[in-house]
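For reference, the structure discussed in these notes is given below.
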Amino acid sequence: MTAARSRTEPALNGHLLVSDAEHFRVDFEINPYMSTRDQPDPCAARAEHAGIVRAHRAAGRRVERLPSAPDCPDMVFTANAGLACGGQVVLARLPGPRRPETPHHRAWFEARGYTVVDAPYDFSGQGDALPCGPLLLAGSGHRTDARMHPFLADRLGYEVVSLRTAGPLWYDLDLALGVVSPDLLLWCPEAFEPDSRSLIRALGLELVEVAESDARRFALNLISDGRTVTMTDRAPRVAALLRARGLTVVELPTAQLAKGGGGVRCTALTLHPAR
Ligand code: ARG
């Protein structure tokens, strides 16, 4: 993991860890988008995942693989594994039904020589922790205990901005806010508590607002390297708005992943360079 970035690999989201959709099912309901009566189509889900990985590679991003395990139906959402930065990873403390994933995550990082740190409190991994330049935009209140924020600041050296989303629809921060580049954020103001809205407005970053209806279709759950944005095809207005800013936008089907309550961002854990 210490290998230098290749010349063409982007600095933001240039190195990603993904799993696969082989065992993706809705076996439990741990967010408001999941219903055990609405199962993903296995073939379409695999195709969605493969399409996302292809798009990352086409954008010049390096992609690592962690095969999913049969007893881990949500493992396709690899962003929740933890937060990785330099040679360290802080592993997530996931909701009960997802705990069987953690030994697989731990083994992957240990085998690659990472210093593996256990989260002392509930922690949704990168779902609630989005690096943005020197900042770590960090969510709490649903899957992440607010006491994780100073812990992450201390361990990984980020300046943490603590944010609270407005309700269970926004159970992870990466549904409410998307980092397009270190100076451009897409966000859905309705998805945040009033204090957090003010905090975001005071960051001094360029902010583009997205309608709640688009955010609910996981429009903000995107991966951007600052040049190419990989996102769902269910929010064409948001795609158009990014294109108008000169970005290359790749829109991909995510209707199967949506049944698990996630989108493009959720499927990849960024292996962030050292701070
Ligand atoms: N079904 C998964 C869960 O509820 C979805 C996780 C989506 N991940 C994310 N980073 N928002 O945990």
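The values are calculated or read from the model by the stated rules, or taken from the named source; none is laboratory data. In this text, all values refer to a predicted model and were calculated from it rather than measured experimentally. Neighbour counts are summed over all protein chains in view; Cβ atoms, including those assigned to glycine, are modelled from backbone coordinates with ideal geometry. Surface areas here come from the heavy atoms of the whole protein model, side chains and all, with no ligands, DNA or RNA. Shrake-Rupley method; radii C 1.70, N 1.55, O 1.52, S 1.80 Å.
Figure the gain on full extension for ASP118 and LEU207 (residue separation times 0.36 nm, minus the Cα-Cα span) and round it to one decimal in nm. Spell out each step's value before the answer.
Working: separation 89, 0.36 × 89 = 32.04 nm, distance 3.34 nm.
Length gained between ASP118 and LEU207: 28.7 nm.
Let a ≥ b ≥ c be the square roots of the eigenvalues of the Cα gyration tensor of region 176-240; is it rounded (a/c under 1.5), or, if not, prolate (a/b larger than b/c) or oblate?
Numbers: a/c = 2.44, a/b = 1.27, b/c = 1.93.
Oblate is the answer for region 176-240, as a/c is 1.5 or above yet b/c matches or exceeds a/b.
Over the chain, with a Gaussian network built from C-alpha contacts below 10 Å, which listed residue (TRP170, TRP108, TRP187) shows the highest mean-square fluctuation?
TRP108
Have a look at the DSSP beta bridges in the chain and tell me what percent are antiparallel, nearest 5. Walk me through the numbers before you get to the answer.
Numbers: 19 of 44 bridges.
About 45 percent, rounded to the nearest 5.
Per residue, how much accessible surface does region 1-146 expose to a 1.4 Å probe? Answer in Å², no decimals.
Details: 5790 Å² over 146 residues.
Ligands and nucleic acids excluded, the figure is 40 Å² per residue.
Pop out the carbon and sulfur fraction of the accessible area of region 144-275 as a percent, whole number, probe 1.4 Å. Walk me through the intermediate numbers first.
Numbers: 2450 of 5010 Å².
Of the solvent-accessible surface of region 144-275, carbon and sulfur hold 49 percent.
Please find, in a Gaussian network model of the chain (springs between Cα atoms separated by less than 10 Å), the residue of ASP118, ASP20, ASP74 whose mean-square fluctuation is greatest.
ASP118
Short version: what are the Cα gyration tensor semi-axes of the chain, square root of 5 times each eigenvalue, largest first, in whole Å? If you can, show how the numbers build up before the last one.
Details: eigenvalues 104, 96, 81 Å².
Output for the chain: semi-axes of 23, 22, 20 Å.
How big is the charge dipole of the chain about its Cα centre, in debye rounded to the nearest 20, if each Lys and Arg gets +1 on its Cβ and each Asp and Glu gets -1 on its Cβ?
Once rounded to the nearest 20, the dipole reads 640 debye.
Cut-off 10 angstrom, C-alpha nodes, Gaussian network model of the chain. Which of SER68, SER198, SER224 fluctuates the most?
Taking springs between Cα atoms under 10 Å, the residue moving most is SER198.
For region 1-124, give the percent of accessible area contributed by carbon and sulfur heavy atoms, probe 1.4 Å, rounded to a whole number.
Details: 2680 of 5360 Å².
The nonpolar share, carbon plus sulfur, comes to 50 percent.
Nearest 500 deg cm²/dmol is fine: what mean residue ellipticity at 222 nm does the chain get from its DSSP H runs of n ≥ 4 alone, each adding -39,500 (n - 2.57), divided by its residue count? Write out the running numbers ahead of the final one.
Details: 7 runs with 61 residues, N = 275.
So the helix-based figure for the chain works out to -6000 deg cm²/dmol.
Does region 31-100 come out rounded, prolate or oblate by the C-alpha gyration tensor, with a ≥ b ≥ c the root eigenvalues, rounded set by a/c under 1.5 and, if not, prolate when a/b is larger than b/c and oblate if not? Walk me through the numbers on the way to the answer.
Values: a/c = 2.22, a/b = 1.10, b/c = 2.01.
Here region 31-100 falls in the oblate category.
Please give me the summed charge of the neighbours of GLU101: other residues whose Cβ is under 12 Å from its Cβ, Lys and Arg +1, Asp and Glu -1.
Details: positive: ARG93, ARG98, ARG99, ARG106; negative: ASP71, ASP74.
Spelling it out: positives minus negatives among the neighbours equals +2.
Averaged per residue, what accessible area in Å² does region 172-275 show with a 1.4 Å probe, protein chains only?
Values: 3720 Å² over 104 residues.
Accessible area per residue, region 172-275: 36 Å².
Evaluate Rg over Rh across region 1-128, taking Cα atoms for both radii and Kirkwood's formula for Rh. Could the numbers behind the result be given before it?
Working: Rg = 15.1 Å, Rh = 15.6 Å.
Over the Cα atoms of region 1-128, Rg/Rh equals 0.97.
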